[in-house]
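Notes to accompany the following structure.
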Ligand SMILES: Nc1nc2c(ncn2[C@@H]2O[C@H](COP(=O)(O)OP(=O)(O)OP(=O)(O)O)[C@@H](O)[C@H]2O)c(=O)[nH]1
Ligand SMILES: [Mg+2]
């Protein structure tokens, strides 16, 4: 049985940002670290010399309570016993970090949550928060945007603090909260379902958008049964394309199961894109699809196979009136029309690149301070809120 941990005899703090990364660093301090070290660290090549001396870097196996290995880690010793100040350098899997923090808590150490990370020196909270969130940026444009926000937001906050007209200053604080959703635009991929009748080229399109062969393509209808998730990027934003099974009435139970799954994927997707065959072939299949699914609300309608040069006017005339018009003529096979599609998709979901150039808050803490500042009743309270938002270190 595990020995119950006594009252808190030290603390720990995850110094690196949330999310998967190559390395994660946890700082653990206080006498309680000894209990954790005895129970969960098996040092490699332990000699007779004083192992926990300051300045040493040790290699160890991190183990759970039953002795099972969790990770192969490095430990840097910043203060030796009885004070104890260790940095545990783990592999940056969120699961490993989560498990290690559990073991530290079970060893009687208290977790400190500080917005200002102490892994490296930062000028203020804005910079510290941006650095802590950088690992969550999934595209290069996202990383650039977040780094750019450090200076942009800092400068905007300082100029609002110096703004003599109170109403103008309050309006400015409110403006800074407007762009707050941008952080999640870069951190969480948009899930876009490609839906349509069978054989129209949905899988070919998913592959073209990902610039690699991820989904199976074949001349026969009903090729895609399960939906396939294809990671990609549109205009610097992360996207997961959901290639789905073609929607139609069929008697094949396997196909029917695929279609039921497609309906679920459509409900959960952030956006729907309808793909139809614009070559003028298989008109009946397209018409049946429009009859059965005319009630959905796509952000874009694509007429594929336009490289075949067929007449799409009949099909265009039958498209439901509420759908975005005109549809975009594309060829997934020849890769044309895709830029126009991406442009329309971004505007359809309201991702305006120009709004990203303005400074904005990118953490809940910043947004909360700015909202409170915008509602402040006097200039002194207003400035105090902005100063908390910026949180520059006290002069030495
Ligand atoms: N000419 C031409 N052929 C295309 C184009 N896109 C797809 N095709 C062909 O159309 C056929 C069906 O393509 P898929 O991508 O498998 O179609 P799908 O919509 O995924 O089909 P299901 O999975 O059965 O619903 C294949 O033979 C493709 O090579 C295109 O832009 N032009
Ligand atoms: Mg397919």
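Among beta bridges from DSSP that stay inside the chain, the antiparallel ones total about 65%.
With angles folded into 0 to 90 degrees, how steeply does helix 166-178 sit against the dominant principal axis of the chain? Use alpha carbons for both and round to 10. With rounding to tens, the tilt is 70 degrees.
Using C-alpha pairs below 8 Å separated by at least 6 residues, the relative contact order for the range 186-348 is 23 percent. For the range 113-193, the Kirkwood estimate of the hydrodynamic radius, built from every pair of different alpha carbons, is 14.3 Å. What angle, in degrees between 0 and 90 and rounded to the nearest 10, separates the Cα long axis of helix 338-348 from the longest principal axis of the Cα atoms of the chain? Tilt relative to the chain: about 70 degrees. The mean sequence separation of alpha-carbon pairs under 8 Å and at least six residues apart, normalised by the residue count of the chain, gives a relative contact order of 14 percent. Ordering 241, 323, 84 by the number of other Cβ atoms within 10 Å of each residue's own Cβ, fewest first, gives 323, 84, 241. Cβ crowding within 10 Å, taken as a proxy for footprinting-reagent exposure, orders 248, 354 from fewest neighbours to most as 354, 248.
The helix-based estimate of mean residue ellipticity at 222 nm for the chain, built from -39,500 (n - 2.57) per DSSP H run of four or more residues and divided by its residue count, is -11500 deg cm²/dmol to the nearest 500. Here is the size of the range 11-111 from its Cα atoms: Rg then Dmax, 12.4, 38 Å. With the convex hull drawn around the C-alpha atoms of the range 186-348, the volume per residue stands at 103 Å³.
For the chain, the longest principal axis of the Cα atoms and the long axis of helix 379-390 meet at an angle of about 90 degrees.
Computed on the Cα trace of the chain, the radius of gyration divided by the Kirkwood hydrodynamic radius gives Rg/Rh = 1.10.
What would the Debye formula give as log10 I(q)/I(0) at q = 0.18, 0.19 Å⁻¹ for the alpha-carbon point model of the range 221-303, no solvent? For the range 221-303, the Cα-only Debye profile gives -0.86, -0.95. Where both bridge residues fall in the range 140-249, DSSP classifies roughly 60% of the beta bridges as antiparallel.
Coordinate-derived values only; no laboratory data. The shown structure was predicted, so the numbers you read here are calculated from the model rather than taken from an experiment. Backbone-built Cβ (ideal geometry, glycine too); neighbour counts: all protein chains shown.
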